Amino acid sequence: MEELDRFEDELIGRYAQHPVLADIAGLRDEDFAAVLLQRRFLSLAFTPAYDLAIDLLRDEEGLRIARVILREEYPDSRGMRSHREDMTADMYRLGVSREALVHTRPTPATKRAIDATFDLIADAGASEDADLRVLTILRFWGEILVSVEYGRLWERMEPLLVRDGENVSRFYYPHHQHDAKSESLATADLLATTHADRLATRVRAYLGTGGERAADAFRETEERSLGIKVGFYDQFLPALERVGTRTGG
């Protein structure tokens, strides 16, 4: 578990240092808005991706955890806003206009990221290590990497969404917190406060009994998940080059 934690932490560090995320403060306002507008389409695909994963899971405890996480996207039946509505509200507070929301369409790179995500989940479901791979995707693609990127985006958002000491973010900051990896694979438990750590309990169960084959499946799945996310943010590298802030790497 310690070796796999080190492997995973290295991937997390690589993602956090993606030039667009690491230099998010250097983007022009219109380019930062473009990032948020395109990232919105990935968020809109989150719930159907989770639904597909749930369809393909056979692990009963993993299913219970995944269902709870998915239901949290729609807090209750009494008219409360969904997480997607909270995201839109945050975007408006950040200066994104309704007109931009109406007229923006997903770019080819964004479409590829969405298609690749569904392919990733479908391929995992068809594998011999289906439950391990699907749970790994939900935890790493759906929770940990989301927390990492929102943590980076928050560096740009905080001055606009923290007013007189009050954090008014209803989407980006809460997801940065409750999706995060806060415990190691070895120590996470079902009483954990983050989605990633709750899912880690089931990932650990398969890693503990599956030997090196399971470890290889875990590594491969996380590498592929990271590749999808990196491919999405690569489309914004020209925005950094326009303002001369790209640091490389």
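The table for this structure:
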| read-out | value |
| --- | --- |
| Whole-Å semi-axes of the chain's equivalent ellipsoid (Cα gyration tensor) | 30, 21, 17 |
| Cα-centred dipole magnitude for the range 6-82, charges only on beta-carbon of K, R (+1) and D, E (-1), debye, nearest 20 | 220 |
| Carbon plus sulfur fraction of accessible area for the range 30-143, probe 1.4 Å, in percent | 51 |
| Prolate/oblate/rounded call for the range 98-238, Cα gyration tensor, a/c under 1.5 rounded | oblate |
| Anisotropy class of the range 1-127 from Cα gyration tensor, a/c 1.5 cut | oblate |
| Acute angle (nearest 10 degrees) that the helix 29-44 long axis makes with the longest principal axis of the chain, alpha-carbon atoms | 30 |
| Relative counts (whole %) of C-alpha pair distances in the range 165-248, using bins that are 5 Å wide | 3, 12, 13, 15, 17, 15, 12, 8, 5, 1, 0 |
| Approximate shape of the range 63-162 as ellipsoid semi-axes (Cα gyration tensor, √5λ), whole Å, largest first | 28, 18, 15 |
| Accessible area in the full protein assembly, largest first, 1.4 Å probe, for Glu128, Glu73, Glu99 | Glu128, Glu99, Glu73 |
| In Hz, Karplus ³J(HN,Hα) per residue of the range 101-110 (6.51, -1.76, 1.60; θ = phi - 60°; x = Gly, Pro) | 4, 5, 9, 6, 10, x, 6, x, 5, 5 |
| Helix 46-56 axis, angle to the chain major axis (alpha carbon atoms, nearest 10°) | 10 |
| Cβ charges +1 (Lys, Arg) and -1 (Asp, Glu), total dipole of the chain, debye | 840 |
| With Cα atoms, 0 to 90° folded angle of helix 130-139 axis to the chain main axis | 30 |
| Gaussian network model of the chain, Cα within-10 Å springs - most flexible of Arg64, Arg219, Arg163 | Arg163 |
| Residue-normalised accessible area of the chain, expressed per residue, 1.4 Å probe, Å² | 46 |
| For the range 1-73: rounded, prolate or oblate by the Cα gyration tensor [a/c cutoff 1.5] | oblate |
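The values are calculated or read from the model by the stated rules, or taken from the named source; none is laboratory data. Just so you know, these numbers come straight off a predicted model, no measurement behind them. As a convention, Cβ positions derive from the backbone with ideal geometry for all residues, glycine included, and neighbour counts pool all protein chains shown. Ligands, DNA and RNA are excluded from the accessible area calculation, which covers all protein heavy atoms including side chains. Shrake-Rupley method; radii C 1.70, N 1.55, O 1.52, S 1.80 Å.
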